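What follows draws every value from the coordinates through simple rules; no lab data is involved. In this text the structure is predicted, and so the values were computed from the model without any measurement. All Cβ positions, glycine included, derive from the backbone under ideal geometry; neighbour counts span all protein chains shown.
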Amino acid sequence: MKVSVLAFGIAKDIFGGSSVEFQLDGNTAADLKSTLERQYPRLKQLRSYMIAVNNEYALDELILTDTDEIAIIPPVSGG
Amino acid sequence: METQIIISDKALDIQSCIEWVRSPQSGGIDVFIGTVRDSTKGKRVVRLEFEAYEPMALKEMEKIAAQASDKWPMQRLLIHHRTGVLAVGDVPVIIAVSCAHRDAAFEACRFVIDTLKQTVPIWKKEIFEDGEVWVAAHP
């Protein structure tokens, strides 16, 4: 499945842009994380990061579809 | 309870935020005003840059408001957050809460800012004279 992922904060620096498109092996949020980490190893150096699907934090087992809005949420630092 | 939740790239107006939460049923108003500090760990801060994943950030702030309203009886709750470039002394966030009694106002205000810092997808980059860093990104 082809997915497009939005990036914010430091994830934007790591991806080199505010979104990336790629071919996902598998279909869960966990599959997305491992695919991204293979392509962008710097993600593993972050304190943590989450996947958001349709504006909600996603659990690893969540099944993704090609119409979802998917985003990488690096550690937040608002306030 | 009434809420007003806004993310804006314009300067926040402290006085109008306080005015908005005033209500005849309230015995007190508690306000948290975040301000940009001039240094981090001894290094001089030149400016901060805030970025938000706006639709999700608004949704997360709505959730915090709902949780706070389950825990404390509030009349009004206001959350305003800035995005964009901020200089030392500028205001990135204002939380204002009005309640019948002060204990609830203090506790709710504290809960809202503490939870916002943990869950709302907003990021801040500190720019120093000799470099820049996304706050909290690395261990």
Of B:74-83, B:35-44, A:47-56, ordering from highest average Cβ density within 10 Å down gives B:74-83, A:47-56, B:35-44
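Considering every residue in B:50-62, what mean count of other chain Cβ atoms within 10 Å of its Cβ is obtained? Before the final figure, lay out each step's value.
Working: counts 4, 6, 4, 10, 1, 4, 10, 4, 1, 4, 6, 1, 0.
Partner Cβ neighbours, averaged per residue: 4.
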Filtered hits (aspartates and glutamates, Cα-Cα < 13 Å from residue B:117, offset >= 8 within chain) -> B:60
Taking Cα atoms, the helix A:29-39 axis meets the longest principal axis of chain A at an angle in degrees (rounded to 10) of 60
With the 8 Å Cα cutoff and a minimum separation of six or more residues, chain B has a relative contact order in percent of 37
Expressed in angstrom and rounded, the centroid-to-centroid distance over alpha carbons for segment B:84-139 and segment B:19-44 is 10
Here the relative contact order (percent) of chain A, from C-alpha pairs under 8 Å and at least 6 apart, is 36
For residue A:2, the lysines lying under 24 Å Cα to Cα, once residues fewer than eight places off in the same chain are dropped, come out as A:12, A:33, A:44
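Taking a temperature of 10 °C and a viscosity of 1.306 mPa s, what whole-number D in µm²/s does Stokes-Einstein yield for segment A:2-73 with Rh from Kirkwood over alpha carbon pairs?
Values: Rh = 12.0 Å.
Translational diffusion coefficient: 132 µm²/s.
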Partner shielding of A:5-17, as the mean number of partner chain Cβ atoms within 10 Å, equals 3
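From the C-alpha coordinates alone, can you work out the Kirkwood hydrodynamic radius of segment B:2-134, in Å? Please report the intermediate quantities before stating the final value.
Working: mean 1/r = 0.0653 Å⁻¹.
Result for segment B:2-134 stands at 15.3 Å.
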Longest principal axis of chain B (C-alpha) makes with the long axis of helix B:54-71 (C-alpha) an angle, in degrees to the nearest 10, of 40
Cross-link reach from residue B:63 to aspartates and glutamates, straight Cα distance under 12 Å and at least 8 residues apart if same chain, gives A:56
Most exposed first, judged by fewest Cβ atoms within 10 angstrom, A:25, A:68 run A:25, A:68
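Is the C-alpha gyration tensor of the protein assembly as shown telling us rounded, prolate or oblate? Criteria: a/c under 1.5 is rounded; beyond that, a/b larger than b/c is prolate, otherwise oblate.
Details: a/c = 2.60, a/b = 1.51, b/c = 1.72.
The shape class here is oblate.
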